[in-house]
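The values are calculated or read from the model by the stated rules, or taken from the named source; none is laboratory data. From a predicted model like this one, the values you see are computed outputs, not experimental measurements. All Cβ positions, even for glycine, are placed from backbone atoms using ideal geometry, and neighbour counts span all protein chains on display.
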Amino acid sequence: MNSEPHYLNAGLKFPDTDLPSGKIAWRSPSNIALVKYWGKKPAQVPQNPSISFTLSKSYSETKVSFSPADSGTLEMEFYFDGKRHLAFETKTVKFFKSLSGIFPFVNQLKFVIRSKNTFPHSAGIASSASGMSVLALVLCDMERQFFDMLQKEDNFRRKASYIARLGSGSASRSVYGGLVIWGEVENVPGTSNYYGLPVNKGIHETFTDYQDTILLVDAGEKKVSSRVGHGLMDSNPFATERFIQARSNMKMLIQAMRAGDTETFIRITESEALTLHAMMMTSQPYFLLMKPNTLQIIDRIFAFREKTGLPASFTLDAGPNVHLLYPKAIKGEVKRFIDNDLLPFLSPQGYIDDAVGKGPEKIL
Ligand code: PMV
């Protein structure tokens, strides 16, 4: 499953006398992992497979204008929310340069990138999945438009996912809508360590309109970057067991989601969230990324479930915010629960009412 198809590394350039100008824009969503990717090998190969819901309302919208580079090498200006953003610019130049073997044409152009996120800036929501996948889609779209490549939608998406992965592992999953696996899973044909695969066929309808209300506990910047976090798994004493557990959780979760078994879904996804944090607590140096209000909320979710028997559950990212997951059918009850019991534990940004989404969209 892991051999690389030929179109992933086409290596094309414009004739020096015929450099294009134009604009491309895409919208690409964030995603929330149910089985977590935490730990990697070189070349952004995951230590274990992961699976996520692509979100709907939390996305990056990025417009890229390109024109011939006067200097004869890659040039860039990066604007975030209308203002030049040098940190994103440096990161994106580095990303594009790292791709110049695959897309040699990037060295011939000047890029002016204007990007924004729909979710509040520094609300502690990972923006690398949406931000990197949107850039990957733009670059693949250029290859498709100018080099007569990637005409088949499947090939286009697969390459975008492959490129997104090189920017940020979780971004490989944002290229598709619904439920997406990244990483080889035994007995699931088409899964790969190099790109994501949508796995919506055969999933029980309970999970096709799942809701994710993101409860914002702390608006601060992330305490530990993903890069550092993945690195810590290289020396975590529980890493080997964790990677074995993730593989087994993948199998059980897929089965449960096909059967519409919310009980198993909850048992596995909540354990995955706590294990991710347990890995951070047992690394050297160690990190405690939950806040007191994270635990207050989790406690109340347990109590709500106990009292009502309704399948509302939580997952966490590598931070203090709580993702409240539930089927659309119980949205009314959950809204009342949030308003009555959870509001005191939220930061002034409150919550984002998100849900499973259809994936990226070309807007220009
Ligand atoms: O894609 P990265 O390198 O930012 O890592 C993402 C890690 C988690 O969000 C914690 C888990 C995941 O699978 O998305």
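In the range 6-23 there is at least one residue that is touching a Gly at 6+ places or on another chain (Cβ under 9 Å), under 24 Å from Arg173 (Cβ atoms) and away from the ligand (no atom under 13 Å from the Cβ). From the list Lys362, Lys307, Lys335, Lys358, the one residue that fits, being exposed (fewer than 14 other Cβ atoms within 10 Å of the Cβ), in contact with a Gly (Cβ under 6 Å, 6 or more places away or on another chain) and either touching a residue at least 40 places away in the same chain (Cβ under 8 Å) or not hydrophobic (A, V, I, L, M, F, W, C) (or both), is Lys358.
Does Asn107 count as closer than 30 Å to Arg258 by Cα, outside any strand (DSSP E or B) and over 14 Å from the mean Cα position of the chain (by Cα)? Against the criterion (closer than 30 Å to Arg258 by Cα, outside any strand (DSSP E or B) and over 14 Å from the mean Cα position of the chain (by Cα)), Asn107 does not qualify.
Selection of the range 168-206 for residues being in contact (Cβ under 8 Å) with a residue 40 or more places away in the chain, within 11 Å of the ligand (Cβ to nearest atom), among the hydroxyl-bearing types (Ser, Thr, Tyr) and outside any loop (DSSP other than H, G, I, E, B) yields only Ser170.
Take the range 118-151 and flag every residue that is within 15 Å of the ligand (Cβ to nearest atom) and either modelled with pLDDT of 90 or more or assigned to a helix (DSSP H, G or I) (or both). Within the range 118-151, Ser128, Ala129, Ser130, Gly131, Met132, Ser133, Val134, Leu135, Ala136 meet the criteria. One residue alone among Asn249, Asn293 is farther than 30 Å from Leu343 by Cβ and either within 15 Å of the ligand (Cβ to nearest atom) or in contact with a helix residue (DSSP H, G or I) (Cβ under 9 Å, 6 or more places away or on another chain) (or both), and that residue is Asn249. Which residue, of Ser56, Ser30, is away from the ligand (no atom under 13 Å from the Cβ), under 24 Å from Ile113 (Cα atoms), hydroxyl-bearing (Ser, Thr, Tyr) and not in a helix (DSSP H, G or I)? The conditions single out Ser56. Can you tell me which residue within the range 1-60, out of those that are among the β-branched types (Val, Ile, Thr), in contact with a strand residue (DSSP E or B) (Cβ under 6 Å, 6 or more places away or on another chain) and within 21 Å of Val199 (Cβ to Cβ), is surrounded by the fewest Cβ atoms within 10 Å (Cβ to Cβ)? Among those that are among the β-branched types (Val, Ile, Thr), in contact with a strand residue (DSSP E or B) (Cβ under 6 Å, 6 or more places away or on another chain) and within 21 Å of Val199 (Cβ to Cβ), it is Ile32.
I'd like to check something: does the range 207-230 contain any residue that is within 16 Å of the ligand (Cβ to nearest atom), at pLDDT 95 or above, within 17 Å of the chain's Cα centre (by Cα) and among the hydroxyl-bearing types (Ser, Thr, Tyr)? No, that holds for no residue. For the range 33-43, the set of residues classified as assigned to a strand (DSSP E or B) and under 27 Å from Glu361 (Cβ atoms) consists of Ala33, Leu34, Val35, listed by residue number.
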